[in-house]
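Below: the structure, in structure tokens.
The values are calculated or read from the model by the stated rules, or taken from the named source; none is laboratory data. In this text, all values refer to a predicted model and were calculated from it rather than measured experimentally. We place every Cβ from the backbone using ideal geometry, glycine too, and count neighbours over all the protein chains shown. In case anyone asks, the SASA skips ligands and DNA or RNA and just uses the protein heavy atoms, side chains included. Shrake-Rupley method; radii C 1.70, N 1.55, O 1.52, S 1.80 Å.
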Amino acid sequence: MKTPKLLAAALLLSLGFSPARSETREQWIEWGAKIHGAFGAFIPVGIRIGLDAKERLKADARGLSVTYYGGEKPPCPCVADGVMIATQSSPGQGTLQMASEKAPAGMMAAIVIRNRKTGEALRYSISDDWLPAILGWNKLDPAGRFDAAMAARHLFDSEPAP
């Protein structure tokens, strides 16, 4: 039982995760590429959501649990990998789960992020309307993709979750 946790901790340390410092754009891009296999435009969308949740839920490192609901339309749930990177959640720790249910109609994704200590949760949703813009960001270099996702106004909605 300890082996997956030790492997996850070793991976995070090898990637340079440290809760005591701020990550740079270049680090996010490097981690996204290592974890996901490439730094496509959906990864920074997830990073942005994860960072927002971490701040608003006032969570410690590895203090959040994530449930990801994919939409009916493509893409694959790449956003989940970005959320995983930003929140330090993982399937191996049992803190990242892919729901078998789909996101509501018209949503590219819905993500519920919960503070494991307090139980407080937020539900994030990304409208299908964002698909063309996000796919267009893939024409940019990785830094441009990151910057576009971080600067996009109204990229997602969030509300308290039960």
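Couple of notes before you dig in:
- Computed P(r) (all Cα pairs; the stretch 64-155; 10 Å bins; percent): 16, 46, 33, 6, 0
- Evaluated at q = 0.12, 0.15 Å⁻¹, the base-10 log of the normalised Debye intensity for the chain, with identical point scatterers placed on the Cα atoms, takes the values -0.48, -0.76.
- Each peptide among 24-30, 39-45 gets the average number of other Cβ atoms lying within 10 Å of its residues, and from highest to lowest they stand as 39-45, 24-30.
- Expressed as a whole percent, the accessible area of the chain that falls on carbon and sulfur atoms is 56 (1.4 Å probe).
- Averaged over its residues, the chain has an accessible area of 52 Å² per residue, based on protein heavy atoms and a 1.4 Å probe.
- The chain - percent relative contact order, Cα under 8 Å, separation 6 or more: 25 percent
- The residues neighbouring V112, those whose beta-carbon lies less than 12 Å from its own, together hold a net charge of -1 under the Lys/Arg +1, Asp/Glu -1 convention.
- Among L96, V83, G71 - extreme Cα towards positive end, dipole of the chain, charges at beta-carbon: L96
- Peptides ranked, highest mean first, by Cβ atoms within 10 Å: ranges 125-137, 86-98: 86-98, 125-137
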